[in-house]
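FYI, it's all coordinate maths here, none of it is from the lab. Computed from a predicted model, the values in this text were never measured in an experiment. Virtual Cβ from ideal backbone geometry, glycine too; neighbours counted across all protein chains shown.
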Amino acid sequence: MTFAAATREPAQSLYQPDEVTSIWQQLLADRSGLAGLIVIALFALVCLAVWLGLAGQDWAQAKGGRWEAASQTYWWGTNVLGQDIFQRSVYSVTVAFEIGVLVALSSGVIGAIAGATAGWHKNSWLEQTIVLLMGIMDSIPFYLFVAALAFALQGYAPFKQLAMQLAMIACFWTTTARLVRAEVMRLREQEFVQSAVLLGLPAWRVLLRHVLPNTSHILLAQSAIVFAAAIKAEVVLSFLGLGVQDGVSWGLMLAESTQEVLAGQFNNFWAASLPLFALLLGFNLLADALQSAMDPRQLPA
Amino acid sequence: MLGLAPDSATHRKALRNLLQATLLILGVTFISFLLMVYFGPDQTYTLIGKNATPQQIAEVRHQLGYDQPFFQRYGQFLASLFTLDLGVSHSTGEQVRTILARSLPVSLALVIPGFILGNLIGLLLGMAAAWQSGRWLDRLITTLSVSTMSISFLIIVIALQIVLCTPYGLNLFPARGWNVSGLSSYLYYVAVPTLALILTNAGYSARFYRAVFVQEAGREHIRVARAYGASPFTLMTVHVLKNSLLAVLTRIMFSLPLVLVSGSLLLETYFGIPGIGKVTFDAITNGDQPLLLAVVGLTAVLFVLVSLLADVAYRLADPRIR
């Protein structure tokens, strides 16, 4: 790089515009990734419909009889209280998206900031502290941390409901942070970043405009992974009484079904597990496709 | 002098690890303490009835250490973890240590077979997929593992229970309980939980091991061995597996505490098995602070110690990391 070129602030992204299109093209050409994207989009439409009040609004009303079979009024039968299982499952899509989006976004932002800070200030006390914090969070088993946090928040009303989500955020940011940290350490040594530093740009500006945009492939794939992990963990936590506190979710429906399957009632079980499987599969396929489309080092699967 | 140099570096590295482990232990215990003792609900009234005299209240608060300064209470908590003097359960009045000593063997017996088989099957599938990399067997294994990864643990447990333990399926195994008195009854009760653990973990393991083996199989010395006419079996076991043993062992070591905790928590609660997971679940539902605190604190400390031991073991086993 000549000096004249170095005095101008370098281009924002390591990926040239045609490379970004090629990532999209690769993603769209990857049939399983595309299938994952379509499945997620369909669920997002259902979620939107519930938000707009077009579907799943009567999930809490108990109008039917106990354990009614599927019929024209109750598409997937009713539960023990006579509530419409189909509507409950549809409404649960929204609950899953609310949990997934909140956890994926929050842990992504925290992971990006912590990872970038640690990677940028290599060998400083700041990095040591962040790495220690990651080690601590990784040493406490997730389910026990949720239990501890739920115990701690018993007396604090607004946060009590969010104990599960807060615990997920507190535990899930570390993987993102580790990946971002390693990438930032690598990027730091690159010419375009070094020249931005030499131009005298403040560190936050270099990080925000030149370094973090180049970690977007990590952040995107991690978001898909964390989203899936969050809604998967919700099921087990709701069964243990640590998850969604009031309302409905696939986890609560499955918890309900654990009593019913022994009596031969399978509606709750299928109505919760089939959409949950489809959505998780969608996210897993998308995460795989994102990872292989954006990581040139990855061997073709 | 020259001979001493690498040794002192090794010592410095070992000291550094020890320091890190100490900081980690202080960190995890501090968080447990903060969450469950400092910010946790006031335990005074769970211990005494409603109509207590102010004197009784003061006495209990003193016993609980509520009148002592913050760091002294934290110090006492640390001491209780290391002396295993964990106090009494608020819900049963039994020594926490006794409860843990009774339930831990049950959990180990419940989880270990599934853990070993899950890893073994994952290892074999990963090896097969890496060997046939890019061909139909690889695609089949990859598809199967992504599918099982998308099924919730709870769904697997319920489905297995329906198929194997109810009249709606084969009705071969008990739907609940743990009434073990010998090998045959042990196998009878452990079969379904083991199958559930295999199904949840084999997919993740297969994917992980496949990635490790594919990377290792692409190296120069493997190509050389292939050129010398080594059979696929020798190639995969002797050359690939041996060289990626470190990655394999690391995964096994680090996933054990996690599988032990999450596996026992769900399986024991679901099947009503009196192991550490059921004890923890009951402590959660009853708000039994001493028990919960002991489980969280001890597990986290054990996890740190295991990783420290693992690190030492690697150093001894593999001179490259010294």
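Numbers at a glance
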quantity: Counted charge near A:Phe172, where neighbours are those whose Cβ lies closer than 12 Å (Asp, Glu -1; Lys, Arg +1); calculated: +1
quantity: Extension gain, B:Thr10 back to B:Asp67 (0.36 nm per residue minus Cα-Cα distance, nm); calculated: 15.9 nm
quantity: Inter-part distance where the stretch A:240-282 and the stretch A:126-168 are each reduced to a Cα centre, Å; calculated: 25
quantity: Efficiency of FRET from Cβ geometry, A:Ala182 and B:Gln55, R₀ 45 Å, rounded to 0.05; calculated: 0.15
quantity: Folded to 0 to 90 degrees: helix B:70-83 orientation relative to chain B principal axis, Cα; calculated: 60
quantity: Per-selection Rg to Rh, the protein assembly as shown - Cα, Kirkwood hydrodynamic radius; calculated: 0.98
quantity: Zone of A:Ala263's modelled label, taken as backbone nitrogen in the stretch A:73-95 under 15 Å from a point 7 Å along Cα→Cβ; calculated: A:78-83
quantity: For the stretch A:205-217, Karplus couplings with θ = phi - 60° (6.51, -1.76, 1.60), whole Hz, Gly/Pro x; calculated: 6, 4, 4, 5, 8, 10, 8, 4, x, 7, 9, 4, 5
quantity: Degrees separating the helix A:163-188 axis from the principal Cα axis of chain A, which is the longest one; calculated: 20
quantity: Taking A:Glu183, A:Glu260, B:Glu94 and counting other C-beta atoms within 10 Å, the order from fewest to most; calculated: B:Glu94, A:Glu260, A:Glu183
quantity: Calculated FRET value between B:Val312 and A:Gln57, using beta carbons and R₀ = 51 Å, to 0.05; calculated: 0.30
quantity: Angle between chain A longest axis and helix A:250-260 axis [Cα atoms, degrees, rounded to 10]; calculated: 30
quantity: Label-point gap, in nm, between A:Leu34 and A:Ala49 - each point 7 angstrom along Cα→Cβ; calculated: 2.5
quantity: Stretch in chain A that is longest and holds no trypsin sites (Lys or Arg not before Pro) that DSSP places in a loop and that have at most 16 other beta carbons within 10 Å; calculated: A:123-296
